[in-house]
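This report refers to the structure that appears directly beneath it.
The values are calculated or read from the model by the stated rules, or taken from the named source; none is laboratory data. As the structure is a prediction and not an experimental result, all values here were calculated from the model. All Cβ positions, glycine included, derive from the backbone under ideal geometry; neighbour counts span all protein chains shown.
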Amino acid sequence: MSIWIAIGVTVIGCYAVKLAGLLVPAGVLERPLVRRLAALLPVALLAALTAQQAFSDGQSLVLDARAAGLAAAAVALMLRAPFLLVIGAAVVVTAGVRALGG
Amino acid sequence: MTSAGSGLTLLQTCALSLLVFTGASQFALVGALAAGGGPFTAAAGAFFLGVRNAFYGLRLSQLLALPRAVRPFAAQWVIDETAAVSLAQPTRRAARLGFVVTGLSLYVLWNLTTLLGALGAEAIGDTDAWGLDAAGPAVFLALLAPMLRTGTERTVAGLAVLLGLGLLPVLPAGVPVLVAALAAPAVLWARGRRGGARGDVTEEDR
């Protein structure tokens, strides 16, 4: 039963925060400062998430084959490679480095 | 999903996936329950991981200009991936399309994999060996790159990376990303102080 309670509370909480962002009145969002902040927040969040997914394992920081994969993706992006090629480069390089024992 | 191994039934696992639909929160909840945490403690951790979706919502509601009646339904799909794809689109039409396509495909795929995983059909083997775990960050990087147009965005991203990684070992899961979000107001404030002296407010929102 306590598992259902945990699920219920999480469902309501997670849905509420998702909806809260969408329901902020347009009037508030028209203010220039709020507009700039709302535009920059996803940049900060996605940058932090990208780094965490590439350089961490649980709560510890690690430097492994994924770093090489991400670097390959960055190079592909600078060369203006198409989206799928960027992802492909990351996957192939990561698998390659791992196969070599990295 | 590893929830089948931590005492959740098939129904509970699928309900969690269908109704929460925020991967990080689901894993956190399952992990906390498996570690013997109480339902409210476990839910609190999951909630922290979900808070960032509110910040995506702020931007998405401007960008997508959703009618009021649609918002409660769209809200469930406000997650990292849909925000990243929508924000990378050049027009509102493309952003709306990106939001719907990403939301729908992820919702279906995510819940299918949850079901299959819970049923024990883990015949795929070790996907990490193929380097597929690098695909996630690479996708985010590719979607993030076009957003880094000016120095402000780059500074915010750099500061967020430092905060997100630096605080990861010391703060509970989900909190470092929220602290990293503070890079946005911090950089705006610093720019405002410097820009205010020069009267320079040239960068406007798209």
Checking the structure you have, find out if any residue of segment B:119-141 is among the small types (Gly, Ala, Ser), at pLDDT below 85 and in contact with a Ser or Thr (Cβ under 8 Å, 6 or more places away or on another chain).
yes
If the Cβ limit is 6 Å and pairs must be 6+ apart or interchain, which residue in segment B:28-57 that is more than 7 Å from chain A (Cβ to nearest Cβ) and within 24 Å of A:Leu41 (Cβ to Cβ) pairs with which residue that is outside any helix (DSSP H, G or I) and not β-branched (Val, Ile, Thr)?
B:Ala28/B:Ala173; B:Phe48/B:Gly174; B:Leu49/B:Gly174
Could you please find all residues in segment B:82-105 being in contact with a helix residue (DSSP H, G or I) (Cβ under 8 Å, 6 or more places away or on another chain) and assigned to a loop (DSSP other than H, G, I, E, B)?
B:Ala88, B:Gln89
For segment B:67-94, which residues satisfy the criterion of being facing chain A (nearest Cβ under 7 Å) and without any contact (Cβ under 8 Å) to a residue 12 or more places away in the chain?
B:Arg71, B:Pro72
Would segment B:143-151 turn up any residue that is within 22 Å of B:Thr22 (Cα to Cα) and without any contact (Cβ under 8 Å) to a residue 60 or more places away in the chain?
yes
Being at the interface with chain B (Cβ under 7 Å from one of its Cβ atoms) and in contact with a Leu (Cβ under 8 Å, 6 or more places away or on another chain) is the filter here, so list the residues in segment A:65-85 that pass it.
A:Leu70, A:Ala73, A:Ala74, A:Leu77
In segment B:168-178, which residue that is under 14 Å from the mean Cα position of the chain (by Cα) and on the phi < 0 side of the Ramachandran plot is nearest to the other protein chains (Cβ to nearest Cβ)?
B:Val177
Could you look through segment B:149-167, keep only residues that are hydrophobic (A, V, I, L, M, F, W, C) and more than 7 Å from every other protein chain (Cβ to nearest Cβ), and pick out the one that is surrounded by the most Cβ atoms within 10 Å (Cβ to Cβ)?
B:Leu159
Looking at B:Leu58, B:Leu66, which one is surrounded by 20 or more Cβ atoms within 10 Å (Cβ to Cβ), closer than 30 Å to B:Arg92 by Cα and out of contact with any Asp or Glu (no Cβ under 7 Å at 6 or more places or on another chain)?
B:Leu58
If a residue counts only when it is crowded, with 20+ Cβ neighbours inside 10 Å, which helices (runs of 4 or more DSSP H) contained entirely in chain A have at least 3 such residues?
A:2-23, A:32-55, A:65-78, A:83-99
